[in-house]
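The values are calculated or read from the model by the stated rules, or taken from the named source; none is laboratory data. None of these values were measured; they are calculated from a predicted model. With ideal geometry, Cβ positions are generated from the backbone for all residues, glycine too; neighbour counts draw on all protein chains shown. Note: accessible area is taken over every heavy atom of the protein model, side chains too, but ligands, DNA and RNA are not part of it. Shrake-Rupley method; radii C 1.70, N 1.55, O 1.52, S 1.80 Å.
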Amino acid sequence: MDVKKNFGKRLKELRVKHDLTQEELGEKVSLSARMISSLENGKTFISSDILENLSNLFEVSPRYFFDDVSLLKDEEDKLIAENIKQRVDELNSSRLKDIYNIIVALND
């Protein structure tokens with residue numbers, strides 16, 4: 001797969017996974033929505049500074065954008081665990097017990 005297209009595919013996966021529009025992502029990394037679109041479509045490429053900003057924003061290694069696997073298991077697991085932690089932190093005591101019971105049932 002072409003490096004620019006692979007990069008764009010990964011970028012879009014992360015943007016969608018984090019529920020961001022192209023405009024919102026662009027604001028976070030100081031790029032226009034048009035530039036985000038060009039990146040996602042494999043039409044252009046970015047500087048190492050922007051790659052670093054994107055990696056930091058999504059908490060993935062820069063390598064993530066260039067690997068040929070669909071999703072790196074470690075990176076996917078990390079994103080899922082962080083999302084679960086954020087949501088659990090917002091639960092009241094009753095809901096926390098419900099979640100605990102679900103996890104116990106899933107592990108049995």
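How high is the relative contact order of the chain, given as a whole-number percent (alpha carbon pairs under 8 Å, six or more residues apart)?
Details: 70 pairs, mean separation 28.4, N = 108.
Normalised by residue count, the contact order of the chain is 26 percent.
Taking the dipole about the Cα centre of the chain, with the C-beta of Lys and Arg at +1 and of Asp and Glu at -1, give me whichever of 33, 84, 96 is farthest to the positive side.
Going by the Cα projections, it comes out as 33.
Run the accessible area of the chain with a 1.4 Å probe and give the carbon-and-sulfur part as a rounded percent. Could you put the intermediate results ahead of the total?
Numbers: 3790 of 7490 Å².
Percent of accessible area from carbon and sulfur atoms in the chain: 51.
Using helices alone, what [θ] at 222 nm do you get for the chain, with -39,500 (n - 2.57) per DSSP H run of 4 or more residues, divided over all residues and rounded to the nearest 500? The partial results should precede the final answer.
Values: 6 runs with 74 residues, N = 108.
Calculated from helices alone, the mean residue ellipticity at 222 nm is -21500 deg cm²/dmol.
Near residue 104, within a Cβ-to-Cβ distance under 13 Å, what is the net charge of the other residues, with Lys and Arg +1 and Asp and Glu -1?
-1
Count charges around residue 15 for me, please; just the other residues with Cβ under 14 Å from its Cβ, Lys/Arg as +1, Asp/Glu as -1. Numbers along the way, then the final one.
On the way: positive: 9, 10, 12, 17, 28; negative: 13, 19, 23, 24, 27, 40, 59.
The answer is -2.
Going from most exposed to least, what order do 15, 87 have by accessible area with a 1.4 Å probe?
Descending accessible area places them as 87, 15.
Quick one, which of [x] 13, 40, 24, 15, 8; [y] 11, 20, 19, 19, 17, 9, 3, 1, 0; [z] 13, 39, 39, 9, 0 is the actual P(r) over Cα pairs in 10 Å bins from 0, in percent calculated for this model?
[x]
Just subtract the alpha-carbon distance of residue 18 and residue 96 from 0.36 nm times their residue separation and send over the number in nm, one decimal.
Using 0.36 nm per residue and subtracting the Cα-Cα distance, I get 25.7 nm.
Would you list the membrane-span-like helices of the chain, meaning whole DSSP H runs whose alpha-carbon atoms span at least 30 Å along their axis and whose mean Kyte-Doolittle value is at least 0.5? Don't jump to the answer; show the numbers that get you there.
Details: long enough: none.
Helices meeting the criterion: none.
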